[in-house]
Structures are given as C-alpha cells and as structure tokens.
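What follows is a single structure, written as structure tokens, with notes after it.
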Amino acid sequence: MKIALLGYGKMGKVIERIALERGHEIVLKKDESNTYDGLSTADVAIDFSVPTAAVDNISNCFHANVPVVSGTTGWLEHFDEMVALCNEKQGGFISSSNFSLGVNIFFELNEYLAKIMSQFDSYKVTMEEIHHTQKLDAPSGTAISLAKGVIENSNYANWTLDEAKTNEIHIEAKRIGEVPGTHTVTYNSIVDCIELKHTAHNREGFALGAVIAAEWLAGKKGIYSMKDVLNLK
C-alpha cells in the first residue's frame, strides 16, 4: 500500500517506521518545507500534523481522491466543513482524537461506566489529562472525547477547564516533560472513589493504530470512526 504522510514530526517518523515494517511504501513526507507532490499516487494518507495545517491537508486529500486518516486535534471547529467536502468528493475519511487500540477500548469502557454511574447522583465525575510540554492544544482531543462519552450517557451537559458547575465536567490539563499521554476519569463521592485510567508508555500505540486504520480505510468511501475499524459498534 502506498501511504502519504502529512506531518513529519515525531509521530510521523514513528508511523513511517511501523508502516515500512508492515510492508507499505511511503510516497510523500509532507511538512512545511515541501509541496503535495506525490499525494495523488497514494492509496491512503495519514495526517498527524498541526492544527493550522490539518484542514489544508485533509482538503487536498479529498480533491486528490485519496482517503485520509487524521489524528491531528485542535481543528475540529472545521470538522463539519471537512465532512461536507468528503461527501461532495465521495472521499474516505476517519478522524479520531486517538488511534491507540487501548484508548479506543478505554473509550468504550468510559461510555459503559457513564451509563451505570448516571443512576447515582452521589458521585461527581472529573477528568485529568497529562501530556508532554510540546502538545499545542488543551485539553487533549482524547480528554474531550472522553467527556463527550460521559455527556452522551449521563445528565452532564458540558465540560470545562474552569471550576465546574453542577452539570459540568471539570478537566484538568497538565503539561509535563515527555509524557506521551495519561488520561484518568474519576467518580468521587463522600464514601469512595472509582477511577478509570489509561497510560500510554510511548507513541507506538498511536502510530500502530493509525496505520491499522489506514489499512482498513484504503479503497473505501464514506465517513468512519475507530469503532468501525475495530468492530466495536
């Protein structure tokens, strides 16, 4: 399979290594210093760039008739535009805040626990996410996805980085050293505490999941999620 890498930072380089190990070919390594030459020859593109580049990267894929897997976060105010363009161009698209197989299982557990805990008003949910100091957005896309998972399965209405109101989920975002990503969902009451936690040891899991998603998406049209890739629906 021929892969275009859109974003060639630390994650892009790990994705490249894993893709090559799995027998794929890299036809484009796009960063701010080069063009999209070679994109049209790709079977699929993987976007792990920066928020300011993601929309251009994804748009160029749809115009070149190349399905795209995007793991960039911090640009989702334009998500509906990209969905509309994907439909217009009959493209293929997977966007996820986190492609780690473990995190996507964590998402499922989070939603299941939220359904159970919605019956018990004595528990208050909070979240914490810890990432490396180079991460540009806060809270992380993964934390926002976790918060949405709770909101969709409970009486909570919103999340906030500030002091939470009764129907809001407080997210504490920390930036420390070289931490790849740690997310904790906590249900606390006067008598006890329940914690659901995922800790990434390195970037390998994110990269492997993105390559697996690209393998699954190649040749398909439509808008999908990691639930489709991992058959979690």
Inspect all residues belonging to the range 134-154 and state whether any of them is farther than 13 Å from Ala114 by Cα and of a type in the set (Asp, Glu). yes
Pick from Ala210, Ala164: which is of a type outside the set (Lys, Arg) and without any contact (Cβ under 8 Å) to a residue 40 or more places away in the chain? Ala164
Checking Leu136 against (1) touching a helix residue (DSSP H, G or I) at 6+ places or on another chain (Cβ under 7 Å); (2) open to solvent by less than 60 Å² (accessible area, probe 1.4 Å); (3) in contact (Cβ under 8 Å) with a residue 40 or more places away in the chain; (4) part of a loop (DSSP other than H, G, I, E, B), which single condition isn't satisfied? (2)
Does Leu85 fit the bill of being more than 28 Å from Glu178 (Cα to Cα), out of contact with any Lys or Arg (no Cβ under 9 Å at 6 or more places or on another chain), modelled with pLDDT of 95 or more and open to solvent by 10 Å² or more (accessible area, probe 1.4 Å)? yes
With respect to the numbered conditions (1) surrounded by 15 or more Cβ atoms within 10 Å (Cβ to Cβ); (2) within 23 Å of Glu178 (Cα to Cα), which one is the sole condition not fulfilled by Thr52? (1)
Can you list the strands (runs of 3 or more DSSP E) found entirely within the range 1-83 that contain at least 2 residues being more than 16 Å from the chain's Cα centre (by Cα)? 2-6, 25-30
Determine which member of the set Phe107, Phe99 is aromatic (Phe, Trp, Tyr), crowded, with 20+ Cβ neighbours inside 10 Å, in contact (Cβ under 8 Å) with a residue 40 or more places away in the chain and assigned to a helix (DSSP H, G or I). Phe107
Hey, does the range 182-204 have a residue that's modelled with pLDDT under 95, buried (at least 17 other Cβ atoms within 10 Å of the Cβ) and within 18 Å of the chain's Cα centre (by Cα)? yes
Can you name the residue in the range 37-46 that is surrounded by fewer than 24 Cβ atoms within 10 Å (Cβ to Cβ) and in contact (Cβ under 8 Å) with a residue 24 or more places away in the chain and, of all such residues, is farthest from Val229 (Cα to Cα)? Gly38
Among (1) in a strand (DSSP E or B); (2) without any contact (Cβ under 8 Å) to a residue 60 or more places away in the chain; (3) within 17 Å of Leu217 (Cβ to Cβ), there is one condition Ile94 misses while meeting the rest; what is its number? (2)
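The values are calculated or read from the model by the stated rules, or taken from the named source; none is laboratory data. As the structure is a computational prediction, the values presented were derived from the model and not from experiment. Counting neighbours? That spans all protein chains shown, and the Cβs are built from the backbone with ideal geometry, glycine included. Each accessible area value is taken on the protein alone, full model and side chains, heavy atoms only, with ligands, DNA and RNA left out. Shrake-Rupley method; radii C 1.70, N 1.55, O 1.52, S 1.80 Å.
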